[in-house]
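Reading through the structure tokens given below for one structure.
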């Protein structure tokens, strides 16, 4: 819809952090591109009075589960969930079955994204074959076939020599490494953060040092090799300090944080609800506050969901046996508006940057902005409306969210990809899904 016929989005408050824009201005779209409004003759007018118009949101850490885990999520359902959450672009992790660690698997992804995806899906491949942490994947051939990042997410390469070689090869091909930082020996079989609440609840704890050690390892190796390192789902105060210090020395080290790590703490596990079980685990209030400070001062450039779908059956077991992970695509914006904007930690422009220009800069992509001539990837939302989360209406196949039944502020009104309305709650404007 609206892809061939030009239209103008009028009366919205346009916030584009990449261009330092925050004002009422018209956005014109023609043939999937943003154009000067004067270009259009008799355009369709879409009135978005009272709403925010922002560059399309980018999620650099999701799990679509396909291939192999289609009972949990698929490219079709996952990209629809992303669109409903305001995301125009996602980067799915390669820890599928089989693992995305070769050119054949990449071609599989391309074909199924073209057939079933409703938004843009970027390509990420495993650093090591079968995520085993022993043998490097064919990094050069993966880059030639469109891979833009490497990650063994869900696993952390424990052998430092192997990690050094991976970083050297990644650097030579200018590919960032997205690392799930966790020392397996320290983490052991823990199920939550090691601290007061793990002691009170009698649950095995994971110390924050398990993350911090590997963050420090990656920083040392980044300095040694010149590689671009991105710390996934950062959760510990010590990790934030290490990344901040590395950035002050000019190292190519970036970080992301999830909405759940800035909204929840380990106290939320006191009712033994497996929907609060995730890895890295929810931390204490002190760690949560450090994450928010990292967002405020720019140490953490991106907010990413780590959308991790599981079936209801998998989560309906004792917390010790439940899998780690929660879904987050359809609640990310409202959680962050509630916790960061309405509590006055971040301005709207600062918050939007964590979903747009921040992720784009990590990937070195010329996107995450509303510049004329660029792709018309646009997210429109109401920052103030309130609603109670009802996971039964989600586009995702999964329902494993800790926010079900919670009242949150903010709502996505439309998601536009290459000028087409994929998702819409705007009266009179129909979306694809």
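The values are calculated or read from the model by the stated rules, or taken from the named source; none is laboratory data. Fair warning: this is a prediction, and the values are worked out from it, not measured in the lab. Note that we place each Cβ from the backbone using ideal geometry, even for glycine, and neighbour counts take in every protein chain shown.
In table form, for the structure just shown:
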quantity	calculated
Residue in the stretch 50-69 that is touching a residue at least 24 places away in the same chain (Cβ under 8 Å), assigned to a helix (DSSP H, G or I) and surrounded by 19 or more Cβ atoms within 10 Å (Cβ to Cβ) present	no
Hits in the stretch 196-222 - residues which are more than 30 Å from residue 166 (Cα to Cα) and touching a helix residue (DSSP H, G or I) at 6+ places or on another chain (Cβ under 6 Å)	197, 205
Index of the failed condition, residue 290 passing every other in (1) touching a helix residue (DSSP H, G or I) at 6+ places or on another chain (Cβ under 8 Å); (2) assigned to a loop (DSSP other than H, G, I, E, B); (3) more than 30 Å from residue 37 (Cα to Cα)	(2)
Some residue of the stretch 247-260 being outside any helix (DSSP H, G or I), under 19 Å from the mean Cα position of the chain (by Cα) and farther than 18 Å from residue 151 by Cβ	no
Residue under evaluation residue 410, criteria (1) in contact (Cβ under 8 Å) with a residue 12 or more places away in the chain; (2) outside any helix (DSSP H, G or I); (3) on the phi < 0 side of the Ramachandran plot, criterion not met	(3)
Lone qualifier among 29, 90 - being under 28 Å from residue 389 (Cα atoms) and either touching a strand residue (DSSP E or B) at 6+ places or on another chain (Cβ under 7 Å) or crowded, with 19+ Cβ neighbours inside 10 Å (or both)	90
For residue 42: the one exception among (1) out of contact with any strand residue (DSSP E or B) (no Cβ under 8 Å at 6 or more places or on another chain); (2) assigned to a loop (DSSP other than H, G, I, E, B); (3) modelled with pLDDT of 95 or more	(3)
Residue, farthest from residue 280 (Cα to Cα), within the stretch 124-147, restricted to residues that are assigned to a loop (DSSP other than H, G, I, E, B) and in contact with a helix residue (DSSP H, G or I) (Cβ under 6 Å, 6 or more places away or on another chain)	145
Scope the stretch 70-86; condition part of a helix (DSSP H, G or I) and either closer than 23 Å to residue 362 by Cα or modelled with pLDDT under 95 (or both); matching residues	78, 79, 82, 83
Criterion: crowded, with 21+ Cβ neighbours inside 10 Å, in the same structural domain as residue 155 (by TED's automatic domain parsing), in a helix (DSSP H, G or I) and on the phi < 0 side of the Ramachandran plot - qualifying residue of 239, 235	239
Count of the stretch 186-200 residues which are in contact (Cβ under 8 Å) with a residue 12 or more places away in the chain, outside any loop (DSSP other than H, G, I, E, B) and surrounded by fewer than 18 Cβ atoms within 10 Å (Cβ to Cβ)	3
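Yes/no matrix, rows are residues, columns are (1) under 24 Å from residue 121 (Cα atoms); (2) surrounded by fewer than 18 Cβ atoms within 10 Å (Cβ to Cβ); (3) modelled with pLDDT of 95 or more; (4) in contact with a strand residue (DSSP E or B) (Cβ under 6 Å, 6 or more places away or on another chain):
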{"position": "131", "(1), (2), (3), (4)": "yes, no, yes, no"}
{"position": "143", "(1), (2), (3), (4)": "yes, no, yes, no"}
{"position": "150", "(1), (2), (3), (4)": "yes, no, yes, yes"}
{"position": "155", "(1), (2), (3), (4)": "yes, no, yes, no"}
{"position": "163", "(1), (2), (3), (4)": "no, no, yes, no"}
{"position": "168", "(1), (2), (3), (4)": "no, yes, yes, no"}
{"position": "177", "(1), (2), (3), (4)": "yes, no, yes, yes"}
{"position": "180", "(1), (2), (3), (4)": "yes, no, yes, no"}
